[in-house]
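Heads up: the structure comes next, in structure tokens.
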Amino acid sequence: MPSRSGPGVSIAATIQLCTYNRARLLERVLQACFEQNVPAGTYEVVLVNDGSTDDTAQVIAAAQARAPVPFVPISQANAGLARGRNAGIAASRGERIIFVDDDVLPMPNFVEEHLRAASYNRDLVVRGAVIEVESFDRLPAPFWSVRNYSANWFWTSNVSASRARLDRVRVREGEWFDETFSEYGWEDIELGLRLREIGTRAVFNKRAVAFHYKPKSAKPPDLEAALAQKRAQARTARVLASKHPGWRVSLATGNNPIQRGLHRVARTLHLQRGRNALLADAYFDELHRGG
């Protein structure tokens with residue numbers, strides 16, 4: 001396992017994350033990234049600040065002052081996750097890129113378990129375990145169970161791939177995530193599909209645990225903003241289907257006659273109510289606009 005560091009020198013792993021206006025969570029997330037139980041020279045942390053307008057810059061500056069491992073912060077004007085991820089990968093030196101989100105708290109064995117799972121085949125995608133929690137201050141035991149199951153094959157809340165494998169599926173130079181996905185949704189699923197198409201296999205490592213902050217008691221986001229996000233997600237679903245026509249995408253996005261029909265029935269019979277009904281209507285109406 002490489003342990004050297006310095007310009008142009010490859011190291012074993014990069015934890016790569018993007019952030020936007022989550023200063024309150026980011027301090028804890030970065031500290032967890034810094035407190036991994038592998039040698040400090042084994043890995044680095046690369047963070048992209050995607051045009052945050054809160055106290056994120058101050059949190060990053062404080063993290064730079066205390067970081068015990070190589071820490072590379074990058075700032076860009078707000079451009080979305082695809083471009084942010086690409087900037088992060090371009091700055092990374094790790095032989096394996098481990099993707100997390102800015103509301104995900106990795107456990108101390110996180111990097112170790114991603115590297116261990118890929119130790120016999122560097123081309124594997126390693127899917128880690130994600131456990132939803134309402135608070136980072138009251139964490140359950142870090143043990144995954146089937147109730148935490150996700151069918152997502154390449155979900156950047158907790159997944160890793162070798163840099164060499166990522167380079168094989170680039171859209172173009174410097175673009176691993178397809179920047180056609182400039183709005184919310186599906187950019188990680190699309191990259192995963194390209195990896196599958198070249199025969200990449202995946203393993204699930206339930207010991208590579210990360211806790212995902214999902215407060216049930218939080219005030220719901222502004223309805224208009226949530227509706228706009230649902231419409232954007234539907235538009236990017238159509239982009240995904242145009243790039244990867246097939247049953248996997250059709251089922252994942254709901255862009256098929258059966259799921260559209262079920263939504264029409266639910267709408268007619270008022271099986272969904274309130275906010276959830278409005279969000280579902282916004283998503284499927286936007287899908288319908290695309291034919």
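The values are calculated or read from the model by the stated rules, or taken from the named source; none is laboratory data. The structure presented is a predicted model; accordingly, all values stated were derived computationally and were not measured. Because the Cβ atoms are built from the backbone with ideal geometry, glycine has one as well, and the counts that use them run over all protein chains shown.
Worth pointing out:
- Residues in the range 133-145 include none that are more than 24 Å from Arg194 (Cβ to Cβ), of a type in the set (A, V, I, L, M, F, W, C) and either part of a helix (DSSP H, G or I) or touching a His at 6+ places or on another chain (Cβ under 6 Å) (or both).
- Any hit, the range 44-67, residues being in a helix (DSSP H, G or I), free of Cβ contacts under 8 Å to residues at least 40 places away in the same chain and among the acidic types (Asp, Glu): no
- Residue satisfying all of: in the range 20-43; β-branched (Val, Ile, Thr) and in a helix (DSSP H, G or I); surrounded by the fewest Cβ atoms within 10 Å (Cβ to Cβ) among these: Thr42
- For the range 4-19, the set of residues classified as surrounded by 23 or more Cβ atoms within 10 Å (Cβ to Cβ) and at pLDDT below 50 is empty.
- Residue check for Ala241: in a strand (DSSP E or B) and buried (at least 16 other Cβ atoms within 10 Å of the Cβ): no
- Exclusive hit being part of a loop (DSSP other than H, G, I, E, B), crowded, with 18+ Cβ neighbours inside 10 Å, assigned by TED's automatic domain parsing to the domain that holds Pro106 and polar (S, T, N, Q), set Thr156, Thr180: Thr156
- Selection count where residues are part of a helix (DSSP H, G or I), touching a residue at least 24 places away in the same chain (Cβ under 8 Å) and not basic (Lys, Arg), scope the range 253-279: 3
A quick yes/no check of all residues on (1) modelled with pLDDT of 95 or more; (2) farther than 20 Å from Leu279 by Cβ; (3) under 20 Å from the mean Cα position of the chain (by Cα):
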position	(1), (2), (3)
Arg196	yes, yes, yes
Gly199	yes, yes, no
Val209	yes, yes, yes
Lys219	no, no, no
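- Test: residue in the range 44-59 that is surrounded by fewer than 22 Cβ atoms within 10 Å (Cβ to Cβ) and among the charged types (D, E, K, R): yes
- Filtered residues of the range 73-111 (kept if in a strand (DSSP E or B), hydrophobic (A, V, I, L, M, F, W, C) and either without any contact (Cβ under 8 Å) to a residue 40 or more places away in the chain or in contact with a Pro (Cβ under 7 Å, 6 or more places away or on another chain) (or both)): Ile74, Val100
- Under the condition of being farther than 15 Å from Gly84 by Cα and out of contact with any strand residue (DSSP E or B) (no Cβ under 8 Å at 6 or more places or on another chain), the residues counted in the range 174-195 number 4.
- Total residues in the range 51-76, condition in contact with a helix residue (DSSP H, G or I) (Cβ under 7 Å, 6 or more places away or on another chain) and within 26 Å of Ser10 (Cβ to Cβ): 8
- Going through (1) out of contact with any Phe, Trp or Tyr (no Cβ under 7 Å at 6 or more places or on another chain); (2) among the charged types (D, E, K, R); (3) surrounded by 18 or more Cβ atoms within 10 Å (Cβ to Cβ) one by one, Lys230 falls short only on (1).
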